[in-house]
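**Q** One structure follows; several queries about it will come next.
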Amino acid sequence: MSTVPAEPSAPAQWEAWKRKEIPPAEEVRPGLWSIPVPIPHNPLRYTISYVAASDDGLLVVDPGWFSPSTWDALTAGLAGMGAGVSDVVGVVVTHIHADHHGLSGRLREESGAWVAMHP
């Protein structure tokens, strides 16, 4: 049986990761964007926020660490999609780690979005 490596769903992000850079935001599927957001002073460098289009607006999954640089990366990623914080209607948090959940409150305050997380 031969194995063929899978093509990355976000090729520009894969190339940036190999160069140890923060990757650009990238549409990985129609209506689904991957936005790398920095984790300041951490060897992991960044985490990925996902933004999905819905009928009502945008859903953000794991908005990232609470810091100005993370907020700037998230809002720049939204702008690259032709959107802004006011287009966000919901925030989904996969777990409570600060690099996934940190900006949930600010995003809710700035957009009026609901926030959902498993108990």
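**Q** Considering only DSSP beta bridges with both partners in the chain, what is the antiparallel share in %, to the nearest 5?
**A** Working: 14 of 22 bridges.
Antiparallel: roughly 65 percent of the beta bridges in the chain.
**Q** Where the convex hull is taken over the Cα atoms of the chain, what is its projected area averaged over directions, in nm²? Don't skip to the end; give the middle numbers.
**A** Numbers: hull surface 36.2 nm².
About 9.0 nm², averaged over all directions.
**Q** Further question: Give me a comma-separated list of calculated 3J(HN,Hα) values for the range 81-98, in order, Karplus coefficients 6.51, -1.76, 1.60 applied at θ = phi - 60°, integers in Hz, x for any Gly or Pro.
**A** Karplus values, whole Hz, x for Gly and Pro: 8, x, 10, x, 4, 5, 7, 7, 10, x, 10, 10, 10, 6, 6, 7, 4, 4.
Throughout, read-outs are computed from the coordinates displayed, never taken from laboratory work. On a predicted model such as this, the values are computed, not experimentally measured, just so you know.
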